[in-house]
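K.L.:
Below: one structure in structure tokens.
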Amino acid sequence: MGNRSERGQVLIEFALTLPVIILILTGIFDLGRAIYAYNAVANAAREGARTGIFVKATDAKIKTAALQTAPGLSLSEEDVTINPSGSRDSGGTVEVTVTYPFQPVTSNLWGGSSIDISSSATMYVE
């Protein structure tokens, strides 16, 4: 008789701890996705700036280089900003900023808002 009540107690304890375990695992999953997204955004900004160091590089070419570096994030051209836009002079700088709206899975618990992950890279124009 005592063995049967212990099994019921174990089942109740498991039912109480399962949501906490799932929340922790989902948080770890989201953290990994956020780190991946930040690395991809930083690489995209760096590659865009690297393309922009040439005087003849157009804004379209810079944006294409940045977007091709982070294909898993589904970035758009509006997510890439270039400063200065248009023509650049030799000896000046070019700054490329890439912004990605990261949507964590666990954000549904507090309203479903996204977090902007942004990175910029500045290089001298040759």
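K.L.:
Taking the condition of being hydroxyl-bearing (S, T, Y), open to solvent by less than 70 Å² (accessible area, probe 1.4 Å) and under 23 Å from I53 (Cβ atoms), how many residues in the range 101-124 meet it?
P.N.:
Residues that pass the stated criteria total 3.
K.L.:
Is there a residue being of a type in the set (S, T, N, Q), modelled with pLDDT of 90 or more and within 30 Å of L25 (Cα to Cα) anywhere in the range 114-122?
P.N.:
Looking for residues that are of a type in the set (S, T, N, Q), modelled with pLDDT of 90 or more and within 30 Å of L25 (Cα to Cα), one finds at least one in the range 114-122, hence yes.
K.L.:
Please go through the range 77-100 and pick out each residue that is of a type in the set (D, E, K, R) and open to solvent by 70 Å² or more (accessible area, probe 1.4 Å).
P.N.:
E77, E78, D89
K.L.:
Which residues, taken from the range 36-56, are within 15 Å of I82 (Cα to Cα), open to solvent by 10 Å² or more (accessible area, probe 1.4 Å) and not polar (S, T, N, Q)?
P.N.:
Listed by number, the residues that qualify are A42, R46, E47, R50, I53, F54, V55, K56.
The values are calculated or read from the model by the stated rules, or taken from the named source; none is laboratory data. Quantities reported herein were computed from a predicted structural model and do not represent experimental measurements. Positions of Cβ are generated from backbone atoms using ideal geometry, with glycine treated the same way; all protein chains shown enter the neighbour counts. For the accessible areas, the whole protein counts, side chains as well, though only heavy atoms, and no ligand, DNA or RNA atoms are used. Shrake-Rupley method; radii C 1.70, N 1.55, O 1.52, S 1.80 Å.
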